[in-house]
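Peer 1: Below you will find the structure I want to go over with you.
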Amino acid sequence: MTELEIKELHVSIEGKKILNGVNLKIKQGELHALMGPNGSGKTSMAFVLMGHPKYVVEQGEISFDGTGIKNLTADKRAKLGMFLGFQYPVEVPGVTLKSFLWTAYKNLNANGASFVDFNEMLNEKIELLEMDKSFLARYVNEGFSGGEKKRAEILQLAMLKPKIAICDEIDSGTDVDALKIVANGLKKIVEDGTGILLITHYQRILNY
């Protein structure tokens with residue numbers, strides 16, 4: 001069973017210390033919630049775990065399956081089985097959601113990526129998240145509402161099946177109905193074996 005472990009993590013950005021000795025273990029199939037006020041370093045930790053180059057690890061270790069990863073670039077961490085769901089998902093004009101998902105799926109399943117299997121899985125996940133299939137022909141996040149953006153993030157997570165995922169405020173900008181759908185999607189993803197670090201300000205998503 002894959003495990004992400006952080007030991008005594010000290011991190012700075014542009015000379016400013018932002019993390020002071022963080023310790024955490026996340027295993028596949030576990031859900032961990034990280035709560036705290038703005039400016040406490042939650043999003044910074046998410047970026048550090050995925051290898052954002054602006055952050056400097058001054059001390060401590062980040063290991064994935066027992067192997068140190070703090071010198072790996074973000075794409076290499078993703079290929080190991082890590083995923084980051086953004087608080088503010090970026091718009092990608094000119095790239096449809098389906099094309100984006102197929103490209104990522106192929107890269108993660110290089111030895112056996114079947115477009116038929118991909119389509120079957122995509123239809124199943126679209127139904128789970130109560131998304132209209134027209135979403136797939138739209139450009140990634142362009143013109144999406146807050147709730148639509150977050151469902152699109154969960155769709156990516158469900159399709160790519162990472163071992164460990166960090167979801168940064170996946171509940172922000174959602175109404176009650178969208179929040180329930182997002183929470184239901186996360187529950188199913190955890191049941192399927194992904195370990196999740198859920199960063200949030202609010203108790204409400206944890207109620208679901």
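The values are calculated or read from the model by the stated rules, or taken from the named source; none is laboratory data. Just so you know, these numbers come straight off a predicted model, no measurement behind them. A quick note on method: Cβ atoms are made from the backbone with ideal geometry, for glycine too, and the neighbour counts reach across all protein chains shown. Remember, those area values only see protein heavy atoms, side chains included, never the ligands or the DNA or RNA. Shrake-Rupley method; radii C 1.70, N 1.55, O 1.52, S 1.80 Å.
Peer 1: Report, to two decimal places, the Cα Rg of segment 1-56 normalised by 2.2 N^0.38 Å (N = number of residues).
Peer 2: That ratio works out to 1.17.
Peer 1: Then there's this: Of all DSSP beta bridges in the chain, what percent run antiparallel (nearest 5)?
Peer 2: Of the beta bridges lying entirely in the chain, close to 60 percent run antiparallel.
Peer 1: Using a Förster distance of 22 angstrom, determine the FRET efficiency expected from the C-beta separation of residue 35 and residue 65, and round it to 0.05.
Peer 2: Plugging the Cβ-Cβ distance into 1/(1 + (r/R0)^6) gives 0.20.
Peer 1: Sticking with this structure for a sec: Just to be sure I understand the model, the point goes 7 Å from the Cα along the line to the Cβ. What's the resulting residue 96 to residue 208 distance in nm?
Peer 2: My value for the distance between the label points is 2.8 nm.
Peer 1: Also, I was wondering about something else. In Å², and per residue, what accessible area does the chain have when probed at 1.4 Å with the other protein chains present?
Peer 2: Roughly 50 Å² per residue, with all protein chains present.
Peer 1: Among 70, 54, 42, which one moves the most in a GNM of the chain with springs linking Cα atoms closer than 10 Å?
Peer 2: 54
Peer 1: Using 0.36 nm times the number of residues separating residue 17 and residue 176, minus their current alpha carbon distance, what extension gain do you get?
Peer 2: Going from the current span to full extension adds 53.6 nm.
Peer 1: With charges only on Cβ, +1 for K and R and -1 for D and E, what is the dipole size of the chain about its Cα centre, in debye, rounded to 20?
Peer 2: Charge dipole of the chain: 340 debye, to the nearest 20.
Peer 1: Please report, largest first and rounded to whole Å, the three semi-axes of the ellipsoid equivalent to the chain, where each semi-axis is the square root of five times an eigenvalue of the C-alpha gyration tensor.
Peer 2: With the √(5λ) rule applied to the chain, the semi-axes are 28, 20, 16 Å.
Peer 1: Here are some pairs, 7/188; 76/180; 7/42; 54/150; 7/150; which of them have Cα atoms lying more than 23 Å apart in this structure?
Peer 2: 7/188; 76/180; 54/150; 7/150
Peer 1: Additional query: So, with a 1.4 angstrom probe, what is the percent of accessible area on the chain that is carbon and sulfur?
Peer 2: C and S fraction of accessible area: 50 percent.
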